[in-house]
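Here the structure is laid out as structure tokens; the discussion comes afterwards.
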Amino acid sequence: MHIIEVPVVIVGAGPAGIATAGCLNKLRISNIVLERDDCPASLWRKRAYDRLKLHLGKEFCSLPHYPFPSDFPKFVPRIDFLRYIDSYIAHFSIAINYNCSVDSAFIDQSSGKWRLLVTNNSSGASEIYEAEFLVVASGENSEEYIPNIKGLESYQGESMHCSKYLNGREMYKKNVLVVGCGNSGMEIAYDLSIWGAYTSIVVRSQVHYFTKEMVYAGMLMLKHFMVEKVDKMMILMSKLKYGNMFKYGLTRPKEGPFALKIKGGTTPTIDVGCVEKIKKGKVKVYPGISSIKEGKIVKFVDGQHAHFDVIIFATGYKTNVLKWLKDYRNLFNENGMPKPSYPNHWKGEHGIYSAGFSKRGLEGISFDAMKIANDINFILTSRVTVSTSFVGQKATFKCNSQTLEPSIQPIDQLVDWSLQSLARSSLPKGLSFDVDFSSKTYAY
């Protein structure tokens, strides 16, 4: 079987994979993106509700080297974000092989390179890719996550993950329970109420909630003030806007929103109007689910129970990395997440990288993409090949052609780095070296 060889293989054509490919292309490093679906950014294109938009200002959400158009609104709607993604792919001439499912990725012992066994879902053919560098960009949101709830398998109503929810048009006058109070859960609950559903939401834990304008102001303040001071301002704004929500079933964490985000990736909820619906009784808050009883009865941990026609799980996603990445221990843990914590999560051993696993949204994706591309570029441009022949006390060292990219770093700096590395090797000390850079010779 023919082996497709490429310096870098990127798995996943979501924003993380696309951003990494764009950064590599800008540095003229050949790469290919493998995508199991038939389109880029399939989560945004196929598995997102109609009213979704970016909850952060567009200046915090652009991908590397390509800002959003000036005529885009501050908070970019889903359809415009997809237009931006398509434009990014065209601008950087990103090569994507669609309908390619990676069945297995491992280090080939004979070549020392990454070998990927791939199934082409269109033709059914098997393909083999080989690369020195592997970028795992399949992300944190590869598969829907629905918690294991006692009795769910016998529930006689309709249940779905929020990735299947588009709008509440078909939910008019139905009793609908949304499980999860993150951004998706709160926004879907609001949307259902607008469409005339009798809406309830499960809120199991403490949560910070702000308008998108508050979060935008907070992001700007973080450029000038310490996190602790900004968090105090954020909480004050939230209290002035919403008051004490304890009697409605909402409580705030003691720790500030940005401190929590930095510590563990917990994101504050962006309120698009759901909190006001809760205060007016249009959306009812329940604690965690205890079990599902006969028919359509849901029992909650505080002893309450209620009848629901539909349950929508806004309970997030999980990664599928461990299903196909065999030599995952070079970077990932048993949960399919990077072992190192931010900001060192993006690089592992033996040429493996992760993009889009920082729990920091599109801003984190841009950070990952630039780090990965620059690191791969540094490795390639720093590489020297030692000649086996010596002329007197001189040896000749040749770098690959990518060394001559003037935008990378000064040639002299590169030579110095190469010689420092060689000085630590087993070669005799005190030798002078001729370093050949395509007709430019530097004598030492």
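Every number here is computed from the coordinates shown, using simple stated rules; none is lab data. What you see is a predicted model, and the numbers here were worked out from it, not measured in a lab. All Cβ positions, glycine included, derive from the backbone under ideal geometry; neighbour counts span all protein chains shown.
Select from 238, 180, 290 the residue farthest towards the positive end of the dipole of the range 145-312; place +1 on Cβ of Lys and Arg, -1 on Cβ of Asp and Glu, and compute about the Cα centre. About the Cα centre, the residue reaching furthest to the positive side is 238.
Where both residues lie in the chain, what percent of DSSP beta bridges are antiparallel, nearest 5? Present the calculation step by step, with values, prior to reporting the outcome.
Working: 34 of 75 bridges.
Rounded to the nearest five, the antiparallel share is 45 percent.
Converting the Cα gyration tensor eigenvalues of the range 102-166 into ellipsoid dimensions via √(5λ) gives semi-axes, longest first, of 37, 15, 12 Å. Of all aspartates and glutamates in the structure, those lying under 14 Å Cα to Cα from residue 323, and not within fewer than 8 positions of it along the same chain, are 103, 140, 143, 334. Dipole size of the chain about its Cα centre, with +1 on Lys/Arg Cβ and -1 on Asp/Glu Cβ: approximately 1720 debye, rounded to the nearest 20.
Here is the P(r) of the range 1-160: all C-alpha pair distances, binned every 10 Å from 0, give 10, 33, 30, 19, 9, 1 in whole percents. For 50, 231, 302, 368, the sequence from fewest to most other C-beta atoms within 10 Å is 302, 50, 231, 368. Restricting the calculation to Cα atoms, the range 145-312 shows an Rg/Rh of 1.00 when the hydrodynamic-style radius is the Kirkwood one.
If you wrap a convex hull around the C-alpha atoms of the chain and split its volume per residue, what is the figure in Å³?
On the way: hull volume 82.3 nm³, N = 444.
Taking only Cα atoms, the chain has a hull volume of 185 Å³ per residue.
Placing +1 on the Cβ of every Lys and Arg and -1 on the Cβ of every Asp and Glu, with no other charges, gives the range 145-312 a dipole of roughly 420 debye about its Cα centre. Calculated on the alpha-carbon coordinates, the convex hull of the range 180-219 measures out at 69 cubic angstrom per residue.
Kindly provide the helix-only [θ] at 222 nm of the chain, computed as the sum of -39,500 (n - 2.57) over DSSP H runs of four or more divided by all residues, to the nearest 500 deg cm²/dmol?
Details: 11 runs with 121 residues, N = 444.
Helix-only estimate at 222 nm: -8000 deg cm²/dmol.
Within 10 Å of each residue's Cβ, count the other Cβ atoms and sort 106, 367 from fewest upward.
Values: 106 15, 367 19.
In order of increasing Cβ crowding within 10 Å: 106, 367.
For the range 238-379, pairs of C-alpha atoms spaced more than 27 angstrom apart make up 46 percent of the total. Please go through the residue pairs 58/229; 173/282; 247/277; 113/326 and name each one whose alpha carbons sit more than 20 Å apart in this structure. In this structure, 58/229 lie more than 20 Å apart at Cα. Applying 1/(1 + (r/R0)^6) with r as the Cβ-Cβ distance of residue 120 and residue 51 and R0 = 56 angstrom yields a FRET efficiency of 0.95. In plain terms, the residue of 108, 37, 309 with the fewest other Cβ atoms within 10 Å comes first and the most crowded comes last, giving 108, 309, 37. In plain terms, the chain from residue 166 to residue 342 could stretch by 60.0 nm, reckoned as 0.36 nm per residue minus the Cα-Cα distance.
Which of the peptides 113-121, 352-360, 20-28 is most tightly packed, and how do the rest follow, going by the mean number of other Cβ atoms within 10 Å of each residue? Present the calculation step by step, with values, prior to reporting the outcome.
On the way: 113-121: 19.0, 352-360: 24.2, 20-28: 22.3.
Result, highest mean Cβ count within 10 Å first: 352-360, 20-28, 113-121.
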